[in-house]
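J.: Sharing a structure, written as structure tokens. Questions coming.
The values are calculated or read from the model by the stated rules, or taken from the named source; none is laboratory data. Computed from a predicted model, the values in this text were never measured in an experiment. Cβ placement follows ideal geometry from the backbone for every residue including glycine, while neighbour counts extend to all protein chains displayed.
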Amino acid sequence: MVWLLFGGFIGLMLLRVPVTMAIGIAVLISLIAAGFSGEIYILPLMVVEGVENPSLIAVPFFIMAGNLMNAVGMTDKIFNFAMTLVGHFRAGLAQVNVLASMIFAGVSGAAVADIAGLGMVEIRAMRERGYPVDFAAALTVCSAVIGPIIPPSISLVIYAFLSNTSVARLFLAGIVPGLVIGLALMLFNRIIAEKRNFPREPRATFAQVRHAMVDGVAALVAPAIILSAIITGFTTATEAGVLACAYSILLGLVYRTMTWKKLWKALTDTMTITSIIMIIIGYSQVMGWLLAIEQIPQALADLVLVTTDNKYVFLAMMLLFLLAIGTVVEGIPAKLILVPMLLPLVDQFGIDRIHFGLIITFALLIGMATPPMGIGLYIVTQVGGVSFEKVTMAVIPFYIPLIIVLLLITYVPALTLWLPDFILGPD
């Protein structure tokens, strides 16, 4: 039954069946094959029960906050501020691309929002300055993986729900890895710039830096407001999401960039994305129930323990597995399926669940920039007007810094754990 479940799901995904339908059809067929054809009526009940969790209420609010920030024009202000800081570096606009994504990550919490919103500004500017459009598109996809790592993060909220861990700890744990990813990409840009002679931008004056900072300060303090509210206990993660939405609307009113049309688009986009995520979560709960009946987590644990009892070998095996899965299954569906299966092994090998949360999140995010399923590649082809084949070839060199950082996050737990332990105390 398990082969039918996973094989059917992955096969349907490769056939370009929408993920909500693919996971639903695979679950339905597996239920029938497992002998539950007379109990099919419980499927919608289990789907609804799967999303009736208070911690998931934060998801639509963080999605909404990112959409509102895009709607009120914060992307341009963030890009301009990043330009004044690093535009004069070698390959200046490439460095601006990464830094702007790091800043926007603290606003949107989603890689797709980064590509669709900020990516349009970045690719247009790089094309006008003579950068190859395939390079600009590839860099935009890779820098966007920072979005779900630096808090707030929709992906980490969902992991917290699946693993019964603290959202505040996960948010804090993502800060240092997110910065390391950004610095690694900027260093890689510097190396490429030496070979391809990418241009610098004029150095900004102090007055220009100050003006860009003042103009974009509202966007820059947004992540600090959200994170501090959660860490201090002033708000829950859900209430922080509401606060982020209210703050975004306030910015739109202050800057006079919010219109009823933009607000309506942000609302409809949020409802669409949220409904897709919640359907996937609901079906994944049924999938988890099927896996539990078949005792798949226990069988997987026995198989791995027969293969190795070394934690570091297990981590290497897990990375290869996650990277392979990420190439064919999108991050959130993959996480919903894999986390319940892998957590018993993670606990058995003594790996901290917060640490594992960053490992699986980043490993699956790399899949966003990896064919054949790489959703980020498909989005950026539309945003940048470049062919899928060209972006796929251009993105290959960027796997080097991304994989190096993934190994650092995996084998140096302090990168992930020291900040939450320092601020909140040992777990």
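J.: Which of the residues that make up segment 288-324 are at pLDDT below 75 and within 25 Å of the chain's Cα centre (by Cα)?
T.: If the condition is that a residue be at pLDDT below 75 and within 25 Å of the chain's Cα centre (by Cα), then Gly288 is the only one that fits.
J.: Next up: Which residue, of Val176, Val217, Val141, is under 13 Å from the mean Cα position of the chain (by Cα), assigned to a helix (DSSP H, G or I) and β-branched (Val, Ile, Thr)?
T.: Val141
J.: So, Leu5, is that one exposed (fewer than 15 other Cβ atoms within 10 Å of the Cβ), at pLDDT below 80 and not assigned by TED's automatic domain parsing to the domain that holds Met271 or not?
T.: no
J.: When segment 128-178 is examined, which residues are found to be touching a residue at least 60 places away in the same chain (Cβ under 8 Å) and among the charged types (D, E, K, R)?
T.: Arg129, Asp134, Arg169
J.: Take the residues in segment 73-85 that are aliphatic (A, V, I, L, M) and buried (at least 24 other Cβ atoms within 10 Å of the Cβ), then tell me which one is modelled with the lowest pLDDT.
T.: Only one residue fits best here, namely Met74.
J.: So, one more: Quick one: which helices (runs of 4 or more DSSP H) lie wholly within segment 1-113 and hold at least 3 residues that are among the small types (Gly, Ala, Ser)? Walk me through how you get there before you give the answer.
T.: Working: elements: 2-14, 19-33, 42-51, 58-71, 74-86, 92-108.
Here the list reads 2-14, 19-33, 58-71, 92-108.
J.: Restricting the first residue to segment 188-207 and requiring it to be in a helix (DSSP H, G or I), which pairs with a second residue that is surrounded by 12 or more Cβ atoms within 10 Å (Cβ to Cβ) meet a Cβ separation below 6 Å and a spacing of at least six or different chains?
T.: Phe188/Pro401; Asn189/Ala91; Asn189/Ala94; Asn189/Gln95; Arg190/Arg90; Ala193/Arg90; Ala193/Ala91
J.: Ok, one more. For Tyr399, indicate whether it is of a type outside the set (D, E, K, R), more than 30 Å from Arg169 (Cβ to Cβ) and within 19 Å of the chain's Cα centre (by Cα).
T.: Working: of a type outside the set (D, E, K, R): yes; more than 30 Å from Arg169 (Cβ to Cβ): no; within 19 Å of the chain's Cα centre (by Cα): yes.
Answer is no for this residue.
J.: Can you confirm whether segment 309-325 contains a residue that is surrounded by fewer than 20 Cβ atoms within 10 Å (Cβ to Cβ), at negative phi and not in a helix (DSSP H, G or I)?
T.: There is at least one residue in segment 309-325 that is surrounded by fewer than 20 Cβ atoms within 10 Å (Cβ to Cβ), at negative phi and not in a helix (DSSP H, G or I).
J.: Moving on. Out of Ala110, Ala91, which single residue is in contact (Cβ under 8 Å) with a residue 40 or more places away in the chain and at negative phi?
T.: Of the residues listed, the single one that is in contact (Cβ under 8 Å) with a residue 40 or more places away in the chain and at negative phi is Ala110.
J.: Does segment 375-407 hold any residues that are buried (at least 16 other Cβ atoms within 10 Å of the Cβ) and of a type in the set (Gly, Ala, Ser), and which are they?
T.: Residues satisfying the conditions are Gly376, Gly384, Ala394.
J.: Identify the residue in segment 245-261 that is part of a helix (DSSP H, G or I) and more than 24 Å from the chain's Cα centre (by Cα) and, among all such residues, is surrounded by the fewest Cβ atoms within 10 Å (Cβ to Cβ).
T.: Step by step, filter segment 245-261, then rank; the result is Trp260.
J.: Answer yes or no: is there a residue in segment 351-358 that is farther than 22 Å from Ala173 by Cα and in the same structural domain as Leu377 (by TED's automatic domain parsing). It would help to see each step written out before you state the result.
T.: Taking segment 351-358 as the starting set, the residues that turn out to be farther than 22 Å from Ala173 by Cα are none.
No, because not a single residue in segment 351-358 is farther than 22 Å from Ala173 by Cα and in the same structural domain as Leu377 (by TED's automatic domain parsing).
J.: Any idea which of Leu220, Leu179, Leu172 is assigned by TED's automatic domain parsing to the domain that holds Val157 and closer than 14 Å to Ser143 by Cβ?
T.: Details: Leu220 fails: closer than 14 Å to Ser143 by Cβ; Leu172 fails: closer than 14 Å to Ser143 by Cβ.
Going through Leu220, Leu179, Leu172 in turn, just one is assigned by TED's automatic domain parsing to the domain that holds Val157 and closer than 14 Å to Ser143 by Cβ: Leu179.
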